[in-house]
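All remarks here apply to the structure that follows.
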Amino acid sequence: MKDSKDLALDKKNIDIILVLDFGSQYTQLIARRVRELDVFSEILPWDISTEKIRNLNPNGIILSGGPDSVTSANTPRIPEVIFELDIPILGICYGMQTLAEQFGGQVTASSSKEFGHATINLEKTSVLFDGFSSGSSIDVWMSHGDQVSTLPDEFNLVASTSSAPIAAMEHVERPIFALQFHPEVTHTKQGNTVIENFVLKVCNCNPAWKMDNLIEQRILDVKQMVGNQKVLLGLSGGVDSSVTAMLLDRAIGKNLICIFVDNGLLRKNEAEDVERLFKDTMDLNLLVIDAKKIFHRHLKGISDPEMKRKIIGRTFIDVFDNEAEKLKDEINFLAQGTIYPDVIESSESESKEARVIKSHHNVGGLPDDMNMDLVEPLRDLFKDEVRKMGAELGLPIEMLNRHPFPGPGLGVRILGEITPEKVKILQEADAIFIAELIKANLYDQVSQAFCVFLPVKSVGVVGDERRYADVIAIRAVETVDFMTAAWAKLPYEFLAHVSNRIVNEIEDVSRVVYDISSKPPATIEWE
Ligand code: XMP
């Protein structure tokens with residue numbers, strides 16, 4: 001497999017804010033806030049090479065927060081090249097602390113760690129706080145142990161809180177600013193105004209990163225890259241591959257060949273729905289491969305969760321490769337719905353362990369010996385931008401707002417051995433639960449909801465007869481980033497109704513239980 005060609009806009013013609021990542025959980029949020037202002041932003045690790053920073057030629061740099069302490073040795077520092085570039089800089093939290101230290105100020109571990117709401121008082125006018133009246137107080141979100149205790153020589157104090165006397169500072173003559181609080185999180189009221197002031201007023205960025213420009217530009221880019229040649233795309237029915245399909249369809253029409261693999265572990269009617277939408281309604285060149293039997297044969301007798309995952313991933317590659325092989329002579333490119341969070345580089349110093357955890361959700365891989373170039377037109381987009389693009393391209397709203405579904409599908413929701421019969425029972429139960437959520441206007445209020453087939457039987461009574469039958473668990477969670485999640489407090493009446501429908505309508509189910517575990521320590525899926 002050859003390397004991906006970067007299908008992004010010609011970055012020389014657009015303004016860019018570089019977000020230098022020091023490991024904060026909010027780094028992606030900073031980049032998204034910038035893009036909400038119609039300005040492109042890119043995240044790079046703090047220890048990125050000088051050459052890469054120079055090549056990117058950003059209009060401004062935001063330094064993220066991070067988990068380290070500048071009071072310890074061998075913790076991240078801002079690369080000196082950034083100061084030589086003489087472009088605007090905004091340091092946030094850890095970014096502020098290392099900035100202060102590198103300019104000769106002092107950072108100390110504060111006696112009281114501050115996590116949560118705080119009020120800052122503006123001590124001095126600053127372009128960063130344009131729109132706020134001087135002397136005003138602003139509700140902000142703090143999350144820090146260390147703080148700047150002595151201002152660096154060339155800096156003025158801009159704002160303070162009762163526990164952090166230096167909560168915002170700015171350089172006396174250069175466009176360098178720093179904030180102890182997090183303007184990127186919604187808990188900071190008007191945090192967007194602060195970011196907007198930096199991006200539009202300090203960095204003078206031109207807000208030209210707009211969805212309609214972007215679609216047109218991407219279509220041109222794809223046409224230019226692909227010409228009259230053919231592109232193969234694995235369609236999963238998820239948002240990313242669906243938007244990729246629609247974009248490529250606009251660019252190259254029938255030269256796009258989509259393959260959808262029915263692995264027998266999909267939701268009820270999913271294969272039919274995908275076929276109806278993309279083939280019948282949108283007239284895409286779509287091959288639906290019925291591989292149910294192959295998957296079930298490979299999974300027979302297997303109950304170990306990791307083995308199941310591996311087998312599903314490997315079988316997918318086999319089936320996909322087999323189909324691709326048949327088309328080999330006509331195909332020159334392989335398209336993928338890779339999105340920005342999949343490719344954001346992590347710091348060199350980040351542990352191998354963390355990287356393994358990041359990659360564990362990627363099912364499958366790519367055939368190594370296929371001589372195809374990769375087309376990844378969403379590679380630099382966040383999920384919300386992909387959804388916006390999908391909406392503009394006419395992807396139905398139900399598909400755009402669908403909860404995430406794992407690559408191994410119902411395979412990780414059937415505990416123990418997977419059989420076609422269990423798949424059928426789970427599909428029916430899940431369809432009832434989801435339909436009821438939609439009917440009760442609860443679907444969009446939870447982030448992910450599904451049923452799980454448990455590997456136990458429980459007794460039930462039907463008429464006068466006792467019978468042992470299957471148990472279905474219902475799971476619904478609320479989350480922002482899927483790293484942590486709270487179980488959804490669905491109304492009892494609603495749960496009772498769903499439970500009634502499942503046990504009454506599915507003969508093989510005698511009992512329904514509701515999962516009340518949050519993540520951590522539980523995970524969202526059961527396997
Ligand atoms: P967990 O269970 O780790 O799930 O809390 C977090 C999110 O990831 C999804 N998930 C997967 N997605 N392949 C995927 O594409 C997988 O193997 C996989 N496992 C979990 C899960 O549905 C949730 O949204």
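The values are calculated or read from the model by the stated rules, or taken from the named source; none is laboratory data. These numbers come from a predicted model, not from an experiment. All Cβ positions, even for glycine, are placed from backbone atoms using ideal geometry, and neighbour counts span all protein chains on display.
Annotations for the structure displayed:
- Subset of the stretch 227-272 (residues that are assigned to a loop (DSSP other than H, G, I, E, B) and more than 25 Å from the chain's Cα centre (by Cα)): GLY227, ASN228, GLN229, GLY264, LYS268, ASN269
- Count of the stretch 480-527 residues which are within 10 Å of the ligand (Cβ to nearest atom), aliphatic (A, V, I, L, M) and more than 20 Å from TYR443 (Cβ to Cβ): 2
- Looking across the stretch 408-436, the residues that are within 16 Å of the ligand (Cβ to nearest atom) and at negative phi come down to PRO408, LEU410, GLY411, VAL412, ARG413, ILE414, LEU415, ILE418, LEU426, ASP430, PHE433, ILE434.
- Evaluated against (1) part of a loop (DSSP other than H, G, I, E, B); (2) under 24 Å from ILE82 (Cβ atoms), ALA159 falls short on exactly one condition, (1).
- Any pair with Cβ under 6 angstrom, 6 or more apart, that starts in the stretch 484-501 at a residue that is more than 23 Å from GLU525 (Cβ to Cβ) and ends at one that is more than 16 Å from the ligand (Cβ to nearest atom): ARG501/ILE432
- Note on the stretch 237-263: among residues that are surrounded by fewer than 23 Cβ atoms within 10 Å (Cβ to Cβ) and small (Gly, Ala, Ser), the one that is modelled with the lowest pLDDT is GLY237.
- Selection within the stretch 30-80 - under 30 Å from LYS189 (Cα atoms), polar (S, T, N, Q) and free of Cβ contacts under 8 Å to residues at least 40 places away in the same chain: SER41
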